[in-house]
Amino acid sequence: MIFIDILVLIYALILGSFFNVVAIRLLNKESLVFPPSHCIHCRHRLHVLDLIPVLSYLFLNGKCRYCKAPISPLYPFGELLTAVSIFFVYKSIGLSLELIPVLLLTVLLIISVLTDIRKQVILDAVTLPMLGVLTIIRLFIGNESFWYYLIGGIVGFLLLFLIAIVSKGGMGGGDIKLYAAIGIVLGPGLTVMSLVLASFVGAIAGLFLMMIGKLKRGQPIAFGPFIMIGTLFSYVYGREIWDWYMDIFL
């Protein structure tokens, strides 16, 4: 099992490197396959030693080997985020069919976080195809009926849609469609819980950033990272969170 765990971490780090490329190139409306990996400053093609997840960034002191321009720390962040989240999901669910939709949702969340942090955008080009794939998968894989998950998708969509209306654009269209995909995987109850947790964690993070002077009142903040935290923790620990809430408040 330790060998499998190590393999999962290694593959997840490699995937994280690819997801960085996906996020950046889709934001820039570039091809995912051409040109090959290159420095965004000097355009020099990167070689194998420049592309080792996390380690290349550390060995190069966060600078391009060829032009010495700074490399964004979002690159190792994306790789580590992918490794941690995929490993967390794998260890929590185990090798079962349910791992398929949850892993696909995790991939969607990772890419959404990376685009949201960079430009505060969650891309339909990623969300809509994944929503379609997850809907089809839920026809065949799930502990509940397909209608249960379909209702979850509708609930996720409507919740964020209503918030967007009430907040007059405070919630973007990308978040709305992302929550439809979340609902398809989690079902209605856990989808609501994920939004509550995401809002709670986001509020705490926002207050902390304001306290240290990194965020001004009214300044927008990427909600994608908090959606990811709320979603994964709701899926894995939803029952325990609900039991804890019931014991304390009821």
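Using modelled amide H (1.01 Å from N, peptide plane; none on Pro or chain starts), what sits under 5 Å from the amide H of H38, excluding residues fewer than 5 places away?
L46
Could you sort the peptides 25-32, 136-143 by per-residue average Cβ neighbour count (10 Å cutoff), highest mean leading?
136-143, 25-32
Name the residue from P73, I86, C42 whose Cα lies farthest towards the positive end of the charge dipole of region 1-95, charges +1 on Cβ of Lys and Arg and -1 on Cβ of Asp and Glu.
C42
Which whole-Hz ³J(HN,Hα) couplings does region 179-185 yield from phi under the Karplus relation 6.51 cos²θ - 1.76 cosθ + 1.60, θ = phi - 60°, glycine and proline marked x?
Once rounded to whole Hz, the list reads 6, 5, 5, 4, x, 4, 8.
Of (i) 16.0; (ii) 17.5; (iii) 13.1, which is the value of mean projected area of the Cα convex hull in nm² derived from the coordinates here?
The value matching this structure is (i).
How large is the helix-only mean residue ellipticity at 222 nm for the chain, computed as the sum of -39500 (n - 2.57) over DSSP H runs with n ≥ 4, divided by its residue count, in deg cm²/dmol to the nearest 500? Numbers along the way, then the final one.
On the way: 9 runs with 171 residues, N = 250.
The helix-only estimate for the chain comes to -23500 deg cm²/dmol at 222 nm.
Normalised by the number of residues in region 122-250, what is the relative contact order in percent for Cα pairs under 8 Å and 6+ residues apart?
Values: 142 pairs, mean separation 32.0, N = 129.
Value for region 122-250: 25 percent.
Give me the distance between the Cα centres of region 61-90 and region 106-161, rounded to whole Å.
25
What list of ³J(HN,Hα) values in whole Hz, one per residue of region 142-159 in order, does the Karplus curve 6.51 cos²θ - 1.76 cosθ + 1.60 (θ = phi - 60°) give from phi, with Gly and Pro shown as x?
x, 7, 10, 5, 4, 5, 4, 6, 5, 4, x, x, 5, 4, x, 5, 5, 4
Determine which lysines satisfy two conditions relative to K168: a Cα distance under 27 Å, and not lying fewer than 8 residues away in the same chain.
Within the straight-line cut-off, K168 pairs with K119, K177, K214, K216.
A short reminder: the numbers here are calculations on the coordinates, not readings from a lab. None of the values given here were measured: they were computed from a predicted structure. Quick reminder, even Gly has a Cβ in these numbers, built from the backbone with ideal geometry, and neighbours come from all protein chains shown.
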